[in-house]
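For reference, the structure discussed in these notes is given below.
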Amino acid sequence: MSDAPDREGPGSPRLEEVSEGIFAYLQPDGTWWINNTGFLVGARGVTSVDSCSTERRTRAYLESIRSVTDRPVRTLVNTHHHGDHTFGNYLFSGATVVGHERTREDALAWGEPFDEPFWTKVDWGGVEIEPPFLTYTDAVTLWVDDLRCEVRHVGTPAHTTNDSIVWLPDRRVLFCGDLLFNGGTPFLMQGSVAGAIRVLEEVVAPLGAETIVPGHGPVGGPELISRGLGYARFVQATAAEAKPAGLSPLEAAREADLGPYAELTDPERLVGNLHRAYAELDGHAPGAPIDLVAALNDMIAFNGGRPLTCRA
């Protein structure tokens with residue numbers, strides 16, 4: 001699979017062994033509700049990082065795990081509450097579902113999947129909400145045989161209010177959830193633009209990861225961090241110029257020169273990101289509630305009045 005996003009529609013998911021016994025499960029084209037997962041194979045069982053958005057996609061992921069090993073998935077870690085990473089949890093029968101306390105809270109608050117009027121129609125299947133039932137506040141360490149897996153809350157809102165990373169220090173491999181996208185527009189509407197910058201600078205970059213599995217898009221390396229930082233700073237700069245000029249987030253997005261970010265998928269996310277950046281300019285704390293329905297409606301307006309395209 002090339003590093004360029006597939007604009008013709010989703011291709012076939014594929015496995016990539018990023019280190020011995022550690023696999024990334026990549027779902028192109030990485031747009032709305034089409035995420036990456038991953039898993040680690042131990043002598044007695046498997047640890048999965050996230051599930052998928054629909055029943056069909058999660059069952060395909062489980063089949064992919066079974067193509068590698070017949071050992072059961074004993075542990076499932078959720079990097080955050082969004083449904084593309086959690087709706088499939090219920091299909092991991094017998095697994096301990098692990099996540100931050102706020103991940104459990106926000107998964108329950110979100111509830112059942114929905115699409116219209118915000119997204120195009122999705123065949124979700126028979127999704128049952130199964131939030132993490134083993135929760136932590138700061139961090140927890142998992143062991144896959146003698147391999148240390150550090151699961152850490154990042155300390156401040158970024159992509160959401162409850163982002164966690166899964167760091168494998170002995171292998172220099174990082175599963176970062178949606179703190180990073182590769183080929184897609186980052187989405188900070190439910191988190192914090194300033195917080196994302198802080199997390200990438202102070203939490204993610206110092207790890208020295210050599211291999212990074214983003215929440216969406218191809219596996220990468222440290223260059224993903226600099227790209228993510230560049231985009232977040234672009235959002236801040238756009239907001240800082242447009243808001244005093246009296247432009248709404250939608251108007252600011254329409255007038256913005258995307259430059260190197262024009263090639264990213266789901267460009268309407270800029271509008272939601274600007275809603276968040278405007279709130280921060282008004283002094284709202286990272287992750288503070290904003291009018292998400294208004295922001296989503298502005299994203300639809302930016303998209304020509306059409307629901308956002310979801311191919312999940």
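The single residue among Val68, Val98 that is modelled with pLDDT of 95 or more, of a type outside the set (Lys, Arg) and not in a loop (DSSP other than H, G, I, E, B) turns out to be Val98.
Only one of Gly125, Gly94 is surrounded by fewer than 22 Cβ atoms within 10 Å (Cβ to Cβ), at positive phi, out of contact with any Lys or Arg (no Cβ under 7 Å at 6 or more places or on another chain) and not hydroxyl-bearing (Ser, Thr, Tyr); which? Every option except Gly94 fails the conditions.
On inspection, Ser12 fails the criterion of being part of a loop (DSSP other than H, G, I, E, B) and modelled with pLDDT of 95 or more. The residue of the stretch 38-55 that is nearest to the chain's Cα centre (by Cα), among those that are among the β-branched types (Val, Ile, Thr) and assigned to a strand (DSSP E or B), is Val49.
Just one residue in the set Thr141, Thr75, Thr120, Thr135 is without any contact (Cβ under 8 Å) to a residue 12 or more places away in the chain, open to solvent by 20 Å² or more (accessible area, probe 1.4 Å) and in contact with a strand residue (DSSP E or B) (Cβ under 9 Å, 6 or more places away or on another chain); that residue is Thr141.
Does Val46 satisfy the condition of being open to solvent by less than 10 Å² (accessible area, probe 1.4 Å), without any contact (Cβ under 8 Å) to a residue 40 or more places away in the chain and not small (Gly, Ala, Ser)? Against the criterion (open to solvent by less than 10 Å² (accessible area, probe 1.4 Å), without any contact (Cβ under 8 Å) to a residue 40 or more places away in the chain and not small (Gly, Ala, Ser)), Val46 qualifies. In the stretch 173-185, of all residues being out of contact with any Lys or Arg (no Cβ under 7 Å at 6 or more places or on another chain), in a loop (DSSP other than H, G, I, E, B) and on the phi < 0 side of the Ramachandran plot, the one that is surrounded by the most Cβ atoms within 10 Å (Cβ to Cβ) corresponds to Cys176. Residues that are more than 17 Å from Leu308 (Cβ to Cβ) and part of a helix (DSSP H, G or I) were ranked within the stretch 277-297; the one that is most open to solvent (accessible area, probe 1.4 Å) is Leu281.
Within the stretch 167-201, which residues are closer than 28 Å to Arg44 by Cα and in contact with a Gly (Cβ under 8 Å, 6 or more places away or on another chain)? Let's see the steps before the verdict.
To start, the set of residues in the stretch 167-201 that are closer than 28 Å to Arg44 by Cα comprises 167-177.
Once the filter is applied, which keeps residues that are closer than 28 Å to Arg44 by Cα and in contact with a Gly (Cβ under 8 Å, 6 or more places away or on another chain), the stretch 167-201 yields Arg172, Phe175, Cys176, Gly177.
The residues of the stretch 20-37 that are of a type in the set (A, V, I, L, M, F, W, C) and in a loop (DSSP other than H, G, I, E, B), listed by number, are Trp32, Trp33, Ile34. Taking the criterion of being farther than 11 Å from Val199 by Cβ, open to solvent by 10 Å² or more (accessible area, probe 1.4 Å) and in a strand (DSSP E or B), the residues of the stretch 148-166 that qualify are Arg148, Glu150.
Where helices (runs of 4 or more DSSP H) sit wholly within the stretch 187-267, those with at least 2 residues that are open to solvent by 60 Å² or more (accessible area, probe 1.4 Å) and within 30 Å of Arg171 (Cα to Cα) occupy 223-242.
The values are calculated or read from the model by the stated rules, or taken from the named source; none is laboratory data. Not measured: the values here are computed from a predicted model. FYI the Cβ positions are ideal-geometry reconstructions off the backbone, even for glycines, and counts take in every protein chain you see. These accessible areas exclude ligands, DNA and RNA; they are computed on the full protein's heavy atoms, side chains included. Shrake-Rupley method; radii C 1.70, N 1.55, O 1.52, S 1.80 Å.
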